[in-house]
1. If we keep just the residues of region 225-243 that are in contact with a Gly (Cβ under 6 Å, 6 or more places away or on another chain) and in a strand (DSSP E or B), which is most open to solvent (accessible area, probe 1.4 Å)?
2. Just checking, how many residues over region 153-202 are in contact (Cβ under 8 Å) with a residue 40 or more places away in the chain, open to solvent by 20 Å² or more (accessible area, probe 1.4 Å), of a type in the set (A, V, I, L, M) and not in a loop (DSSP other than H, G, I, E, B)?
3. Residue by residue through region 109-124, note down the ones that are under 14 Å from the mean Cα position of the chain (by Cα) and either over 17 Å from residue 162 (Cβ atoms) or without any contact (Cβ under 8 Å) to a residue 40 or more places away in the chain (or both).
4. Among (1) closer than 27 Å to residue 359 by Cα; (2) at pLDDT below 95; (3) in a strand (DSSP E or B); (4) not small (Gly, Ala, Ser), there is one condition residue 122 misses while meeting the rest; what is its number?
5. Of the residues that make up region 22-36, is at least one free of Cβ contacts under 8 Å to residues at least 60 places away in the same chain and more than 30 Å from residue 371 (Cβ to Cβ)?
6. If you go through region 62-84, how many residues are free of Cβ contacts under 8 Å to residues at least 40 places away in the same chain and surrounded by fewer than 21 Cβ atoms within 10 Å (Cβ to Cβ)?
7. Which of the residues that make up region 244-273 are assigned to a strand (DSSP E or B) and of a type in the set (Phe, Trp, Tyr)?
8. Scanning for something more than 19 Å from residue 350 (Cα to Cα), free of Cβ contacts under 8 Å to residues at least 40 places away in the same chain and of a type outside the set (D, E, K, R), does region 88-102 turn up at least one residue?
Amino acid sequence: MKKLFFLFLGICFSFSSYSQTSYYYPPGYFGLFNNQSTSARAQGMGFTTLTKSGIENSFYNPASIGSSTAPIQAYANYANGHSYRPKSRYYFAGGAFKVKDKFTVGLSYFSYQNPDPVWTTIIGWQTFDTDYFSQRAISVLAAYEIMEGLQAGISANMMQENAINGEKTNADFVPSLGLQYEKQLQLFKTEKIQNQRIFGAMSLFNFLFQDETTQSYQDAEDVGYLPIILRLGAGYAFQIPLKSSLTEGKAYFENTAHAVDLRLDIQFQDYLPGGPENNTDDEYNTAFGIGAEAWFYERIALRMGYFTEKGPTGTQDDGDIWVTGNRAGFSWGYGTLIPTHQLTEGKLPFDLEVNLITGKLVSSLNEEIYTHPSLFTENTFQFSFGMNLLWK
């Protein structure tokens, strides 16, 4: 069973009664599943990706490409940071195209890269030094509108890990399914709350339940858990009229709704049982997120959220202690929609949405109980940047 458990460079912590101290890694393609998101917008809202439209959320729910009203979607995202892989970087790029009103296809690339990693790679109890560690997923997607407001999507994800100096150590084909639903619904009957909508979504990553991945290098081989991930999400959005003289006469705010658009999303994620015999990875990696967003005059957005993820805690049977337990914390972000189509008098056929996260990393290091080296604790700054071209 593949478990990326690493000893912490021989450092003895103050808890000397334990034989060793370990930093836990989630199983199979952890850099893509358990770290930073492909969407700066969703990550700022507590990692709530499931109910949102657009190619930027398609890795978590392939139906998202169908719920976008744009005829062409193009998106790129960058993020950095990890609790104990401080040089981690995450890159995403994708595009989608509406073939017909109800049918959309897309293609995306998601990459996790860790140059000059702190840790070695362990395969079949053999340890290998590495100067470069990476994982990637190339996804081909399709979505179809089954009925008004209901999108169904499917994706074929070609996964690969290069765990030792850029050399391939495992590769898997992992398909996923997803649904998204949106409906206009007058929950509150008042003129002060307009354009009310509810959202629902679910997805199953690895729906064929191919629950093992084989990692090999030279004569070393190991079999580990390939995650089967169930996600459920819901949301509510509405609009409140707002008038202000500050935006009058400003080209940037021309032809916008004089209102604040508000949205609340919640999301649940769980790893389903599977993998090699006696595997317990599904007992961890349960996560919950909640997020809120406010768009002012369709131009400026503020976001915040809370995210929690279950991890191993306490002492193990062999006497080791996990210094990383549950990951939890607040997230926040902001963004703007630049009306490039309007400002260039139609010369550019798209508007540009830019989203940012600049704040403290949602960390799994419990610094109140354990003392961590500065290599980890000083790298707590989270930066994420997403750019979306919204074709007119």
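The values are calculated or read from the model by the stated rules, or taken from the named source; none is laboratory data. This one's a predicted model, so the numbers in the text were calculated from it and none came from an experiment. All Cβ positions, glycine included, derive from the backbone under ideal geometry; neighbour counts span all protein chains shown. Accessible surface areas use protein heavy atoms only, side chains included; no ligands, DNA or RNA. Shrake-Rupley method; radii C 1.70, N 1.55, O 1.52, S 1.80 Å.
1. So the residue we want is 234.
2. 4
3. Across region 109-124, the qualifying residues are 109, 111.
4. Only one criterion in (1) closer than 27 Å to residue 359 by Cα; (2) at pLDDT below 95; (3) in a strand (DSSP E or B); (4) not small (Gly, Ala, Ser) is unmet by residue 122, namely (1).
5. Scanning region 22-36 turns up no residue that is free of Cβ contacts under 8 Å to residues at least 60 places away in the same chain and more than 30 Å from residue 371 (Cβ to Cβ).
6. Number of matching residues: 1.
7. 268, 271
8. yes
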